[in-house]
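K.L.:
Could you have a look at this structure, given as structure tokens, before my questions?
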Amino acid sequence: MGETVGNLIGLNDEVIHPAANLAVEAHNSPSKQFLVKKIKIRHDLSSVVVFAFSGSMLPKDWSGQPTFAKTEIATGEFRSLTSLNDGGDAVVNGSFLRRFKDVIGNLSKAKELKEATEKKRQVVFAGYSSGGPIAILATLYFLEKQTPSPRCLTFGSPLVGDRIFGHALRREGWSDYFTHFVMKYDIIPRIMLSPSSTEHEQILDYFKSKFDRKNINPAPPSGFYLTVMGNASSVASYEACRLMGCRNPSLDIIKSFIELSPYRPSGTYVFCTGNGNLVVVKNPNAVLQILIHCAELGESNTAEVEKRSLDEHSAYLSELKDCLGMQAVVSLDGGPATATLNDLGLSPQAMLCLQAAEEFENRRSRNLENFRKYLEKVEVELEKMRKYKENAQISRLGYYDSFKLQNEDDDFHANVSRLELAGMWDEIKEMLKEFELPDDFEKKREIIDLGTKYRRLVEPLDIANFYRHSKDKETGAYVIGGGPRPKRYRFIQRWLEHDEKEEFGSRSESLFWADVEQLGIDIKKKGYVQEIEERIQQVERNLIAWIGDRSLDDDVLLENSTFVKWWRDLPPQHKPKSDRIEKLIGEMSERVTQGTKI
Amino acid sequence: MVYVRGRIKRGRRMNQDPLFSSAGELANFVVASNLIDYDLAKNFEFQRCQTAFPCSVQPMVYHPTPNRTIVVFIPSPDCTQYPLPEGGDLVPSPEFKFLCTKECPSVSINRAALTLFLSLHDHLSGLKAQLTEREGQLIITGHSLGGSVASLFTLYLLDSMDKKRKCRPICITFGSPLIGNFGLQHSQWNSFFLHLVSNKDPVPGLFLPSSHSQTTVYKPFGTYLFCSELGCACFDNPDLILKLLAVISSEVAGGLLQVVDYGEILRNLKNKAIWKGPQLAGERFTEPFSAGIIMKLETIGFDQTKLLQHNIDIRRMEAEARSLTKKTKASDIKELNDIKKYMALLEWYKKKSKDAKKGYYDCFKSGEFRRDIAVGEFMGHLNAYWEDMVAEAQWKPQTEGASFRTGWLFSGTTYRRMVEPLDIAAFYRDGGTDYINNGRSQHYKLLQQWYEEDAKPPSRDQLDSRKEKVSALLTEDSCFWAYVEEAILSCESLKNANSSPEQRESSWDNLVMFGEYVMEQIENYAVSPEIFLEESSFMKWWGEYEDYIDTNRNFYSSRLVNFTKRSSYKQYGRRAI
């Protein structure tokens, strides 16, 4: 206790209520795509510029085909919204995305935005109800563009993205920029956990007429609560099973018969309990559980709760007016605090779910700690590999070819190290796939560096092993989409490319040997046709570039290496075009003769 | 690390992390979704249309959406009210022989369920053919005895679908009695069954003895969703399920005629799914697993007193759950990579031994180097891993076991050919005799048997390619060295002045047979040329044998004698003889 919401979400308290006000006003001003307002902060006289977006209660702006309007988003402006392992791209509600795209053109051009950027003012994107998703997507859009971090505030917003969406946000370290206010029973933040249905339309229709004709009270629909919350509850229970480590394989079988909503909460949630207290939660799994469990039916009858679930969607302004600035704010991260849970009115079963959500986060941190020890072992093995490589260089053969021959004890030991390392990285890969490591694991500098070192040093040995056993005859070339190349290397390469904001596939220097080997095989098969010529030139260009930026070691240029032998065998018409390589080989040979350390 | 007869116990660390029971959440997940009310509606819709046939069950098929097929087994009203006039006796059933496992070598099925199933057999095999070809979701369901037949039909279907499964089946029963003596604990099939049981329904536990002292041969399989007016919980532990069913049955006994309305129960549960219950959250739970289970058992009508009274032990369940949590996909992958590593280490050992002109069999047998001892450890890990894999296959129903093992039989065979010679070496080094009958581990026998069931006889082409590769091959018959050892023993027996004439005769016969066997292996390029290394046991045997023939049977000739005396073996493995 003792903190205000502003402290917990890193934004001045004075901003929140005016932003909510603007958000509600913008929502009900369909003639303007967004409203802008500058808010002066009293104590330091800085200004915050709030953009709030208009809303729509038309069913077509909420749902669409396929079910849940599922749309993959990770392209162009949203390239970060993807999983860096096999999890696929983030899914968002396509109807929300469409509405965002209608707005973004004018928003980018807004002079208030330019001005705010120039004067280094904090920008806040705010949205109420269906304006929320637009605020969320706009914030992401500018985060991707690396403009000074904007903030996002939503009030009673529906869910926008799936699990990967939230994972990507946390991986990028953006999660804290998003704050969502949710009333205890408000149906709208829960509505996307249930497939679109006649009940959805009833609810939207109700709000539409309510917002359109402000003074007349339309008749509230009834009977929707059980359907919408039933489906939402099914989602929450499914996630709880996973959090609780459910080992019953029926879970997945049953799930394949039910179409569950893909959407999950992300960012910081502030639950308004209705009695003046605010509860702040960041753990996304805990948010989902609270979202469902605090709106469960208790003593009061269904009709009453149902009515409340509609009324509370319009109660944000009055609720926030009462509790902002007051210090009755509790953060749930660090474990469920009993007193707060009573404010939210949670059941013992809900308590178990929250404990499981908390334990899941703890386990991920523990796994990371364990991995720190583990990564030392990786370092040790890599050091052995590096020595092996150095020794092989002295014999003028290079470790690639030495390994391919497997004549010496060292080659064998390197093979054992290779297998040892493969085991460790494969285990990391599996844990990432199961979300058993912190979300930002793949963004950590030391992990990317270690992975890249591993990939550059050891993947050539996997390639050597592959071509030594002529495995291409069984499986096709080492590098083909989804082919025999071990996935661990694909992932590790992707981490680097993502971090450097490069195209996928641009950092494939560890595949140099595979290109050379495959080219050798294909030349025998096809002769020097046009396509082969182009590939030869590509290999040469790559070689020069990679040697240049030191991502590829120059031991490939050793006189007895597969590469040099292959290159020398190329027909003479090639040589004039690539005397640069001749020169590189010459330099290498000189260095070796002089015994200079490479 | 203890090395006992080449096996290292695969230890599982006790995991002390807090543990949770998902009994309640899994049940809530099912009832809050619309999966079961849907089938159930159909179940009873059809049931109402049924006229009062004598006890029978009828299948109905329909397609609510293009992607979904539902098969409902509808029992006649007679059947629901007096589910099993014949009572609960079990009869052996050759039709379901495919469910045999190590645990349950002969399958028996409840007579009533089986009779009904068999009476529909022709119809069902047509239906099976039709369904196996369909893609999409398949729900098989039934109430009471209808559910029993639905379960049998699902098993029947799973058996033929296992190899190329196009559609996903799930079998959902409502208040169905237990059907047989087999369990599916170790089978993937277990996950395809969901049984709903009301705590007011005596039928599911009808055949279970009411007193604890009596045991039953019936075994439940799949997940049971127990429900009461207050809520529901899912369990898949067979012992617990048996106990709960028995208690429910004994409590409602006498009320047999009252038909439980599962439709009403589910409607109520759907409301309960989003109901907080009377209590609010108190303190954090220090033992979330037992807290969760106790809470859920109470919901379905089993309070603490009742648990105590019926000897239901939550602690043991927790211990069992703990021992299961250790295995994850990630640890599986790690283990697999370790196995590859140990194999690589053994390959290197083999290469080193070859360079020492002795062969890895004899190096290990003499155990003179440090590395020979290390090898014992690698073997231990490999043996433990493969014994577990073989055991896992044996716990599965036959057809499933077969498809499970095709994935790894190739590496299992490489393992057997690489490692069994070392076990043989250790066996004879320690003074054992007759390895095949006295020393061979069951898992080697099975690995070999499975390999032979799958293997095709070599064609001419293959023989040529083997000839090419023979130097890199592992000796195909993993028992080769056991025969060599026996041949050495036979030689000794022949030379031993104390041997009786009968012993001599049998030893000689053995040697003649061995000679034939070796030659056959050589002609098929099935033995590694390493057997001809100067200091190998095989060459040692040859020395003894040649010596014996030269002194005692000068005119004896066999293909092997000619082959070896002409030193043809020196060419073996050098591409061509």
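None of the figures in this text is laboratory data; all of them are computed from the coordinates on show. Note that the coordinates shown come from a computational prediction; the quantities given were computed from them, not determined experimentally. Here the Cβ positions follow ideal geometry from the backbone for every residue, glycine too, while neighbour counts run over all protein chains shown.
K.L.:
Starting from the Cα of residue A:47, step 7 Å along the direction of its Cβ; do the same at residue B:63; then give the gap between the two resulting points in nm.
P.N.:
A separation of 6.6 nm, rounded to one decimal place.
K.L.:
Over what distance in Å are the Cα centres of region B:407-479 and region A:6-62 separated?
P.N.:
When both Cα centres are located, 75 Å separates them.
K.L.:
Shifting gears a bit: Hey, how many Å between the Cα centroid of region A:357-431 and the Cα centroid of region A:525-555?
P.N.:
Answer, in whole Å: 27.
K.L.:
Convert 20 °C to kelvin, take the viscosity as 1.002 mPa s, use the Kirkwood radius over C-alpha pairs of region A:28-124 as Rh, and evaluate the Stokes-Einstein diffusion coefficient in µm²/s, rounded to a whole number.
P.N.:
Here the translational diffusion coefficient equals 135 µm²/s.
K.L.:
Taking the radius of gyration and the Kirkwood hydrodynamic radius from Cα positions alone, what is the Rg/Rh ratio for chain B, to two decimal places?
P.N.:
Radius of gyration relative to Kirkwood radius: 1.10.
K.L.:
Might you list the cysteines of chain A that have no disulfide-compatible partner by the rule of another cysteine's Cβ under 4.7 Å?
P.N.:
Cysteines of chain A left without a disulfide-compatible partner: A:152, A:272, A:294, A:323, A:353.
K.L.:
When a/c is below 1.5 the answer is rounded, else prolate if a/b is larger than b/c, else oblate, so apply that to the protein assembly as shown with a ≥ b ≥ c taken from the square roots of the Cα gyration tensor eigenvalues.
P.N.:
Oblate.
K.L.:
Taking only Cα atoms, what is the 0 to 90° angle, nearest 10, from helix B:23-32's long axis to the longest principal axis of chain B?
P.N.:
It is inclined by approximately 60 degrees.
K.L.:
What 222 nm value per residue comes from the helices of chain B, counting each DSSP H run with n ≥ 4 as -39,500 (n - 2.57) and dividing by all residues, nearest 500 deg cm²/dmol?
P.N.:
It comes out at -17000 deg cm²/dmol, rounded to the nearest 500.
K.L.:
Going Cα to Cα from residue A:526, which aspartates and glutamates come in below 14 Å? Please leave out same-chain ones fewer than 8 positions away.
P.N.:
Straight-distance partners of residue A:526: A:534.
K.L.:
Principal axis lengths of region A:207-323 from Cα atoms, whole Å, largest first?
P.N.:
So the extents along the principal axes, rounded to whole Å, are 53, 30, 29.
K.L.:
Would you mind calculating the gained length between residue A:31 and residue A:118 on full extension (0.36 nm times residue separation, minus the Cα-Cα distance), in nm to one decimal?
P.N.:
Extra length available between residue A:31 and residue A:118 comes to 28.5 nm.
K.L.:
Taking the beta-carbon count within 10 Å as an exposure proxy, list B:538, B:563 from fewest neighbours to most.
P.N.:
So the ranking, lowest neighbour count to highest, is B:563, B:538.
K.L.:
How much length is gained on full extension from residue A:242 to residue A:40, taking 0.36 nm per residue of separation minus their Cα-Cα distance?
P.N.:
So the extension gain works out to 68.1 nm.
K.L.:
List the aspartates and glutamates whose Cα sits under 14 Å from the Cα of residue A:255, skipping any in the same chain fewer than 8 residues away.
P.N.:
A:239, B:25
K.L.:
Within region B:374-401, find all residues whose amide N lies under 20 Å from a label point positioned 7 Å from the Cα of residue B:352 along Cα-to-beta-carbon.
P.N.:
It comes to B:374-383, nothing else.
K.L.:
Moving on. Pairs to check: A:429/B:340; A:389/A:473; B:102/B:340; B:200/B:270; A:60/A:208; A:282/B:276. Give those whose C-alpha atoms are more than 20 Å from each other in this structure.
P.N.:
Flagged as over cut-off: A:389/A:473; B:102/B:340; A:282/B:276.
K.L.:
Among A:351, B:317, which comes first, second and so on when ranked by fewest other beta-carbon atoms within 10 Å?
P.N.:
B:317, A:351
K.L.:
Sequence neighbours fewer than 8 away in the same chain don't count; with that in mind, list the lysines whose C-alpha is under 18 Å from residue A:37.
P.N.:
Straight-distance partners of residue A:37: A:109, A:111, A:114, A:119, A:120.
K.L.:
Would you kindly derive the ³J(HN,Hα) couplings of region A:306-316 from the backbone phi angles with the Karplus curve 6.51 cos²θ - 1.76 cosθ + 1.60 (θ = phi - 60°), listing them in order in whole Hz, with x for Gly and Pro?
P.N.:
Couplings: 4, 5, 4, 5, 8, 4, 5, 5, 9, 10, 5 Hz.
K.L.:
Kindly express, to the nearest 10 degrees and within the range 0 to 90, the angle between helix B:262-273's C-alpha long axis and the longest C-alpha principal axis of chain B.
P.N.:
90 degrees
K.L.:
Can you give me the distance in nm between label points at residue B:406 and residue A:98, each placed 7 Å from the Cα along the Cα-to-Cβ direction?
P.N.:
4.6 nm
K.L.:
What distance in nm separates the two pseudo spin-label positions at residue A:106 and residue B:438, each 7 Å out from Cα along the beta-carbon direction?
P.N.:
9.4 nm
K.L.:
Run the paramagnetic zone check for residue B:540: 7 angstrom along Cα to Cβ, then residues of region B:345-379 with backbone nitrogen under 11 Å.
P.N.:
Residues passing the 11 Å test: B:362-367.
K.L.:
If you find the alpha carbon centre of region B:324-382 and of region B:88-127, how far apart are they in angstrom?
P.N.:
Going from one Cα centre to the other spans 45 Å.
K.L.:
May I pose another question? Taking 0.36 nm per residue of sequence separation and subtracting the Cα-Cα distance, how much length would be gained by fully extending the chain between residue A:146 and residue A:533, in nm to one decimal?
P.N.:
That works out to 135.2 nm of additional length.
K.L.:
Could you tell me the calculated FRET efficiency between residue B:319 and residue B:429, based on Cβ-Cβ distance and R0 = 51 angstrom, to the nearest 0.05?
P.N.:
Using R0 = 51 Å, I get an efficiency of 0.80.
K.L.:
Additional query: How far, in degrees from 0 to 90, does helix A:579-594 lean away from the longest principal axis of the Cα atoms of chain A, to the nearest 10?
P.N.:
So the inclination is approximately 70 degrees.
K.L.:
Any idea what the relative contact order of region A:388-524 is, in percent, if you count C-alpha pairs under 8 Å spaced at least 6 apart?
P.N.:
Computed value for region A:388-524: 23 percent relative contact order.
K.L.:
By counting other Cβ atoms within 10 Å of each Cβ, how are B:287, B:298 ranked from fewest to most?
P.N.:
B:287, B:298
K.L.:
Now a separate question. Work out the FRET efficiency for residue B:472 and residue A:363 from their Cβ-Cβ distance, taking R0 = 41 Å, and round it to the nearest 0.05.
P.N.:
Taking R0 as 41 Å, the efficiency between residue B:472 and residue A:363 is 0.35.
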